[in-house]
Amino acid sequence: MKPVPALFASLAGTALVMGLAWVISPDALTIGGVAAPLVLGALALVIQWVAFVPAFALKSDAFFDLLGSLTFLSLVGLSLWIAHDHGQLTTRRLVSAALVAVWAGRLGLYLFRRVRQVGHDVRFDEIKQNGPQFLMTWTLQGAWAFVTSLAVIVFLTADGEASPLGFWDVLGWGLWGLGFTIEVVADRQKVAF
């Protein structure tokens, strides 16, 4: 990919993240007077851009997947802290955040181990030689982490009173467990074949 399209994709990913953050901000809790989704969107991108600098200098993709998980964990952790700071930390929010953290941690470690066993990620062989294209992958990973975690970000940072736990909570957590189990089994089968 040529530099201009790669830089355009990075700008588009940044615009997507900050645009979505702005759209969901009106009913959100704040941090330092700024709507939490705006801070979280910026955090997702900044984590990736900071990691890009040494990765490009070393021409390394070794920690790419691990930093994707770190971004998820950072978004959820800060969202939870914001809820706590506003006195809105509930069992439902704690459990939801914990489930995302378990998923992100497992996925990141699985992908990191897989890359370490192979020695490198073949997807990056050419990309990591091209600064704008490599930056694009890091930016889009930040966008992916933010967009994928939007539901939990909105939930954790929404300003409002909590209803009591009930059937739908248990059903949702059970569905999460089923999905998580399917993902773990699929990853193990992928390694076996």
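The values are calculated or read from the model by the stated rules, or taken from the named source; none is laboratory data. In this text, all values refer to a predicted model and were calculated from it rather than measured experimentally. Here Cβ is always computed from backbone atoms with ideal geometry, including for glycine, and neighbour counts include all displayed protein chains. Calculation scope for accessible area: heavy atoms of the full protein, side chains included, ligands and nucleic acids excluded. Shrake-Rupley method; radii C 1.70, N 1.55, O 1.52, S 1.80 Å.
Look through the range 75-99, keep the residues that are open to solvent by less than 30 Å² (accessible area, probe 1.4 Å) and within 14 Å of the chain's Cα centre (by Cα), and return whichever of them is nearest to residue 46 (Cα to Cα). Going through the qualifying residues, I end up with 75.
Residue check: is residue 169 touching a Lys or Arg at 6+ places or on another chain (Cβ under 9 Å), of a type in the set (Asp, Glu), open to solvent by less than 90 Å² (accessible area, probe 1.4 Å) and more than 23 Å from residue 67 (Cα to Cα)? Spell out how you get there, then give the answer.
Working: touching a Lys or Arg at 6+ places or on another chain (Cβ under 9 Å): yes; of a type in the set (Asp, Glu): yes; open to solvent by less than 90 Å² (accessible area, probe 1.4 Å): yes; more than 23 Å from residue 67 (Cα to Cα): yes.
It is true that residue 169 is touching a Lys or Arg at 6+ places or on another chain (Cβ under 9 Å), of a type in the set (Asp, Glu), open to solvent by less than 90 Å² (accessible area, probe 1.4 Å) and more than 23 Å from residue 67 (Cα to Cα).
State all residues of the range 113-124 that are closer than 19 Å to residue 142 by Cα and either not charged (D, E, K, R) or not in a helix (DSSP H, G or I) (or both); if no residue qualifies, say none.
Across the range 113-124, the qualifying residues are 121, 124.
Residues in the range 47-65 that are over 15 Å from residue 123 (Cβ atoms) and not aromatic (Phe, Trp, Tyr): 47, 48, 50, 51, 53, 54, 57, 58. Where residues in the range 1-28 are of a type in the set (Val, Ile, Thr) and under 15 Å from residue 41 (Cα atoms), which of them is most open to solvent (accessible area, probe 1.4 Å)? This residue is 23. Screening residue 43 against (1) closer than 26 Å to residue 126 by Cβ; (2) open to solvent by 30 Å² or more (accessible area, probe 1.4 Å); (3) not small (Gly, Ala, Ser) leaves a single unmet condition, (1).
Out of 113, 123, 106, one residue alone is of a type in the set (Lys, Arg) and at pLDDT 90 or above. It is 106.
Determine, yes or no, whether residue 182 is within 14 Å of the chain's Cα centre (by Cα) and either outside any loop (DSSP other than H, G, I, E, B) or within 23 Å of residue 11 (Cα to Cα) (or both). In short, no. Scanning the range 125-144 for residues being open to solvent by less than 70 Å² (accessible area, probe 1.4 Å) and in a loop (DSSP other than H, G, I, E, B) gives a total of 2. Here the condition is being over 30 Å from residue 2 (Cβ atoms), of a type in the set (Val, Ile, Thr) and surrounded by 10 or more Cβ atoms within 10 Å (Cβ to Cβ); of 147, 152, 115, 122, it holds for 152 alone.
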